[in-house]
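> Okay, handing you the structure first.
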Amino acid sequence: MTRATESVQFVPAGGSRQERKERRRRSAAGASQPWEGALHALGERAASAFDRNELGDWGSREPNSLRGPHRLRPAPHRASTMTFAAAYPFITESGLGHEGTYIGTDVFGAGAFAYDPWILYDKGIISGPSIVVIGTVGTGKSMCGKSLVARSITLGRKAAVASDPKGEWVAVANAVGGKVISVGPGRSARVNPLDAGPRSSALSEAQWQAVVRQRRRYLLVALVSLMRQGMPLSPVEHTALDMALMETVAENSNPTLPMVLDHLLNPSRETVGLVGKDGGQAVSHSLRRTVSGDLEGMFDAPSTVSFDAEAPMMVMDTSALIGASEQALSLAAACGATWLEAAVTNPDGGKRLVVYDEGWRMLADPYMLAKMSEQWRLARTYGIANLLIMHKVADLNEIGDSTSGHRQKALGLLTEADTRIIYRQKHDAMRLTKEALGLTEAECEHVENLPKGVGLWKVGNRSFIVANRVTTDELAVFGTDDRMI
Ligand SMILES: Nc1ncnc2c1ncn2[C@@H]1O[C@H](COP(=O)(O)OP(=O)(O)OP(=O)(O)O)[C@@H](O)[C@H]1O
Ligand SMILES: [Mg+2]
């Protein structure tokens, strides 16, 4: 602190190095400085000029005339951001400190910018580890996520990519020694979304069974609801689905979707007693899409791959589905994310970033949204930090109507994220972004003009404009430009 204060002492520029050194020495000793004499002489000259009715360099002696030398050029001051933050409180940021993953340069402070959700949570700067990245097409959102993930892995964190519809995280996983699970037409991997996943040591056997049952029930309801474009299930259908799941689990320790479907189509006597013979018919037709048609052979058999908890990174690559219908993509996203979630929501699994690139698809269904909200709420318990990447808040307008609780809930997910990274947004998208992410007018102005690779980071109640610095090697692996060729 003392050194920093000394370094901002004003010493006029000019003269040789030897002269400047001498001036600094005399200044430190409290002696009057040579330039003071020069200034005095200047004042004398101006006074006599005034007497002669000439204004000279000092201007008019009239009141309010801002009298002073016209060419005052103070030498630039240089000091640490810590000193400036103390000298200009509320104007200058002192930074978040050096701990965490290097992201790039704090544009205003000119220092390095590092970030780690767990460290900042421990320091009390943020109250939750969830991160939202938002920005228009091609502004560098994924690049920011990829550099955060890849560099965090070198510091001992892990990552899982739950949604990668473009398959662009595959190269990142390969670069850091991670594993990729590719599902889709022509791919050999089968993923059973009803897998129980590893048991958390924090839960008793009974608690764990309840968690698994709940997760499976949720997925089935979400799949049916996705097929019906969000139309909810009737109470009878809920019961029919529940009964089919219970009967399947009673018969098989490793239940699959076709088994549940089979129980829906051929209900037991007990189920018929509860919901009638046709109670589960409509549900079974909705669920059928996951085991036949465009998703056939992907999520309808016991898993042929397993989640490697030791691998630094796991990617669920669904890029082979590119060109499939929106519904098929949403169903695949729901199945893939549920399977991965079962594996990562384990407090013994270490600290892990869970990425949802193009994540709005996950928010479009009320059940998936509820699932995701729950995961965000429980993130601290499981040691995970969710990273949701999306284009604009207006994407959420596709969800329900403006008064629907669903859209409000999706917006709440963004608002609740304590780290919001905003890349360039178009002017017409700014109003919603401003409201949802709590930006100031000045921040909005910056956001509209941000160049590629530069984002506004709102971390807790602090703000930074950060240029994400990437090396040539990282650019080669993380870049997506070749898709335009
Ligand atoms: N920090 C950066 N430094 C240098 N180049 C960058 C940076 N960020 C992005 N780019 C360039 O911009 C391209 C697009 O970046 P990226 O894929 O991250 O955009 P995006 O916002 O995720 O786009 P989309 O909306 O299509 O997913 C990259 O391939 C890279 O060439
Ligand atoms: Mg992207």
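The values are calculated or read from the model by the stated rules, or taken from the named source; none is laboratory data. Given the structure is predicted, the values throughout are model-derived calculations rather than measurements. Ideal geometry is used to build each Cβ from the backbone, glycine not excepted, and the neighbour counts take in all protein chains shown.
> Counting only residues that are under 18 Å from the mean Cα position of the chain (by Cα), charged (D, E, K, R) and within 21 Å of S330 (Cβ to Cβ), how many does the stretch 342-366 have?
Total satisfying the criteria: 3.
> Within the stretch 451-485, track down each residue that is surrounded by 19 or more Cβ atoms within 10 Å (Cβ to Cβ), among the hydrophobic types (A, V, I, L, M, F, W, C) and more than 16 Å from ligand 2 (Cβ to nearest atom).
L456, W457, V459, F464, I465, V466
> Can you pull out the residues in the stretch 117-153 that are more than 12 Å from ligand 1 (Cβ to nearest atom) and either among the hydroxyl-bearing types (S, T, Y) or without any contact (Cβ under 8 Å) to a residue 40 or more places away in the chain (or both)?
Passing the criteria: I119, Y121, D122, K123, G124, S127, S130, S152.
> Among G104, G167, which is the only one that is closer than 26 Å to Q425 by Cα, touching a residue at least 12 places away in the same chain (Cβ under 8 Å) and part of a loop (DSSP other than H, G, I, E, B)?
Working: G104 fails: part of a loop (DSSP other than H, G, I, E, B).
The match here is G167.
> Now for a different question. For the list (1) touching a residue at least 24 places away in the same chain (Cβ under 8 Å); (2) more than 28 Å from the chain's Cα centre (by Cα), I need the number of the one condition that V176 fails.
Result: V176 passes all but (2).
> I need the full set of residues from the stretch 368-400 which are more than 16 Å from ligand 1 (Cβ to nearest atom), at pLDDT below 80 and of a type in the set (G, A, S), in order please.
G400
Yes/no per residue for (1) part of a strand (DSSP E or B); (2) more than 16 Å from ligand 2 (Cβ to nearest atom); (3) not aliphatic (A, V, I, L, M):
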site	(1), (2), (3)
A162	yes, no, no
V191	no, yes, no
A210	no, yes, no
Q214	no, yes, yes
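> How many residues does the stretch 135-160 hold that are within 16 Å of ligand 2 (Cβ to nearest atom) and either within 13 Å of E358 (Cβ to Cβ) or part of a loop (DSSP other than H, G, I, E, B) (or both)?
Qualifying residue count for the region: 9.
> I'd like to check something: does the stretch 122-134 contain any residue that is within 23 Å of R424 (Cα to Cα), away from ligand 2 (no atom under 16 Å from the Cβ) and surrounded by fewer than 17 Cβ atoms within 10 Å (Cβ to Cβ)?
no
> Of the residues D418, D428, which is away from ligand 1 (no atom under 16 Å from the Cβ) and in contact (Cβ under 8 Å) with a residue 60 or more places away in the chain? Can you show your working first?
Numbers: D428 fails: in contact (Cβ under 8 Å) with a residue 60 or more places away in the chain.
Of D418, D428, the one residue that is away from ligand 1 (no atom under 16 Å from the Cβ) and in contact (Cβ under 8 Å) with a residue 60 or more places away in the chain is D418.
> Which number in (1) over 19 Å from the mean Cα position of the chain (by Cα); (2) modelled with pLDDT of 85 or more; (3) among the acidic types (D, E) marks the one condition that D116 misses?
Every listed condition holds for D116 apart from (1).
> Residue check: is D365 within 28 Å of K426 (Cβ to Cβ), crowded, with 19+ Cβ neighbours inside 10 Å and within 16 Å of ligand 1 (Cβ to nearest atom)?
The answer is no for D365.
> Find the residue count for the stretch 449-485, including only residues that are within 13 Å of ligand 1 (Cβ to nearest atom), over 15 Å from the mean Cα position of the chain (by Cα) and not in a strand (DSSP E or B).
Residues flagged as within 13 Å of ligand 1 (Cβ to nearest atom), over 15 Å from the mean Cα position of the chain (by Cα) and not in a strand (DSSP E or B) within the stretch 449-485 amount to 20.
> How many residues are surrounded by fewer than 22 Cβ atoms within 10 Å (Cβ to Cβ) and either closer than 20 Å to A334 by Cβ or over 18 Å from the mean Cα position of the chain (by Cα) (or both) if we restrict to the stretch 140-173?
Selection size over the stretch 140-173: 8.
> Looking at the stretch 300-328, which of the residues that are part of a helix (DSSP H, G or I) and modelled with pLDDT under 80 is nearest to G184 (Cα to Cα)?
A328
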